Structures are given as C-alpha cells and as structure tokens.
Amino acid sequence: MALIRPELNGQILRLTWDYQDPIDVPLDGDYGQLPIKVWDDESLALEQGGKVAEWFSEYLNLPVRLVKA
C-alpha cells in the first residue's frame, strides 16, 4: 500500500499506483452500506463503489472494498 499516492482536489480523492493509473474517488460517494469488523468492533461503513474496489483488488492481488467508516 506504500505505492498508493493520494491527492485531494476539492471533493475528489485521486489515487495513483506508483504515480501511474489514476482513479478518482468522489468524497461524497455512497453506494450503500456494508457491515465491517475492525478488531472486536462491528459497525456499518459506506461502500465507495465497484470501480475503485476493482482498482485496489487488481494492485493488491486480493479482493477488497474501499469503504468510508
């Protein structure tokens, strides 16, 4: 994850992988809620969409979702 570079531009979070292949994530994006668990705490988080999930999953080589808690 150290190769992911964030850049904030207004209401858009631009992510690049080692300064290549950018993807823009709207800060107000809401694609529904997902249950999450961090350590022993359970909550709901806002899903940030399939496009950014595919982007992260491709580079991390495992299925992941980006959520806002």
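The values are calculated or read from the model by the stated rules, or taken from the named source; none is laboratory data. What you see is a predicted model; the values in this text were computed from it and never measured. Note that each Cβ is placed from the backbone with ideal geometry, even for glycine, and that neighbours are counted across all protein chains shown. Calculation scope for accessible area: heavy atoms of the full protein, side chains included, ligands and nucleic acids excluded. Shrake-Rupley method; radii C 1.70, N 1.55, O 1.52, S 1.80 Å.
Residues are listed down the side, and each one gets a yes or a no for (1) open to solvent by less than 80 Å² (accessible area, probe 1.4 Å); (2) in contact with a Phe, Trp or Tyr (Cβ under 7 Å, 6 or more places away or on another chain); (3) at pLDDT 95 or above:
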{"site": "GLN20", "(1), (2), (3)": "no, no, no"}
{"site": "PRO26", "(1), (2), (3)": "yes, no, no"}
{"site": "GLY29", "(1), (2), (3)": "yes, no, no"}
{"site": "LYS37", "(1), (2), (3)": "no, no, no"}
{"site": "GLU42", "(1), (2), (3)": "no, no, yes"}
{"site": "PRO63", "(1), (2), (3)": "no, no, yes"}
{"site": "VAL67", "(1), (2), (3)": "yes, no, no"}
### Complete set of residues in the stretch 26-48 that are within 19 Å of PRO6 (Cβ to Cβ) and charged (D, E, K, R)
ASP28, GLU47
